[in-house]
1. Among (1) under 21 Å from VAL131 (Cα atoms); (2) in contact (Cβ under 8 Å) with a residue 40 or more places away in the chain; (3) open to solvent by less than 90 Å² (accessible area, probe 1.4 Å), where does ASP93 come up short?
2. Please state which one of THR77, THR148 is open to solvent by 40 Å² or more (accessible area, probe 1.4 Å) and part of a strand (DSSP E or B).
3. Which residues, taken from segment 125-160, are touching an Asp or Glu at 6+ places or on another chain (Cβ under 6 Å), over 27 Å from ILE24 (Cβ atoms) and polar (S, T, N, Q)?
4. Is it the case, given these coordinates, that LYS141 is closer than 28 Å to PRO23 by Cβ, of a type in the set (Lys, Arg) and modelled with pLDDT of 95 or more?
5. Pairs only if they're at least six apart or on different chains, beta carbon under 7 angstrom, first in segment 98-127 and crowded, with 17+ Cβ neighbours inside 10 Å, second among the acidic types (Asp, Glu); list them, first residue then second.
6. Tell me which residues, restricted to segment 128-140, are open to solvent by 60 Å² or more (accessible area, probe 1.4 Å) and either over 20 Å from THR32 (Cβ atoms) or in contact (Cβ under 8 Å) with a residue 60 or more places away in the chain (or both).
7. Could you please find all residues in segment 25-40 being open to solvent by 30 Å² or more (accessible area, probe 1.4 Å), outside any loop (DSSP other than H, G, I, E, B) and touching a helix residue (DSSP H, G or I) at 6+ places or on another chain (Cβ under 8 Å)?
Amino acid sequence: MSVAFVKEESAEAASETLLPDRPISPHPNLVTQAGLQALEHQLRLAREAYDASGSIEDVNERRRQASGPLRDLRYLTERVRTAQVMPDPASADIVAFASTVTFHRDDGRVQTYRIVGEDEADPKAGSISYVSPVARLLMGKAVGDVVTVSGQEIEIVAIA
């Protein structure tokens with residue numbers, strides 16, 4: 001029978017709709033409570049998108065529409081499963097996970113970031129991952145401490 005009369009696409013074409021898995025970080029999956037809630041919300045959205053793709057009649061289009069949500073489901077399921085909710089810092093004396101730290105750079109810029117989990121980090125919104133180079137240098141430091149990042153000194157001016 002000719003492929004022209006078969007509704008399903010070939011195995012080669014079907015494999016083109018399978019997206020590679022999103023990489024899972026080798027670091028512990030530390031999250032804030034808000035970060036876990038955001039992951040759970042994203043997981044619900046991915047599940048809804050995947051379920052919605054199931055109602056598409058054309059098998060080829062259904063595969064295309066399901067590929068992204070299916071990949072996200074695999075990633076988010078694993079991230080929610082391995083999430084370790086970290087408590088808020090006990091004090092503002094030293095920089096810790098979930099601290100908000102303000103520092104002054106050599107070039108005059110003053111920046112404030114909250115140190116959070118990898119999936120919730122968004123530098124433009126004021127949060128950085130605890131595994132980022134800046135966060136790793138700041139952790140355990142106190143107000144007045146100076147660290148060098150990429151050849152530039154930064155001084156911690158506030159911790160909240």
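1. (3)
2. On inspection, the qualifying residue turns out to be THR148.
3. Selection gives GLN152 alone.
4. On the way: closer than 28 Å to PRO23 by Cβ: no; of a type in the set (Lys, Arg): yes; modelled with pLDDT of 95 or more: yes.
Spelling it out, it is not the case that LYS141 is closer than 28 Å to PRO23 by Cβ, of a type in the set (Lys, Arg) and modelled with pLDDT of 95 or more.
5. ALA98/ASP88; PHE103/GLU155; SER127/GLU120
6. Answer for segment 128-140, where residues must be open to solvent by 60 Å² or more (accessible area, probe 1.4 Å) and either over 20 Å from THR32 (Cβ atoms) or in contact (Cβ under 8 Å) with a residue 60 or more places away in the chain (or both): PRO133, LEU137.
7. ALA34, ALA38, GLU40
The values are calculated or read from the model by the stated rules, or taken from the named source; none is laboratory data. What you are looking at is a predicted structure, and each value in this text was computed from that prediction instead of being measured. Heads up, the Cβs are rebuilt from the backbone with ideal geometry, glycines too, and the neighbour counts pull from every protein chain shown. Calculation scope for accessible area: heavy atoms of the full protein, side chains included, ligands and nucleic acids excluded. Shrake-Rupley method; radii C 1.70, N 1.55, O 1.52, S 1.80 Å.
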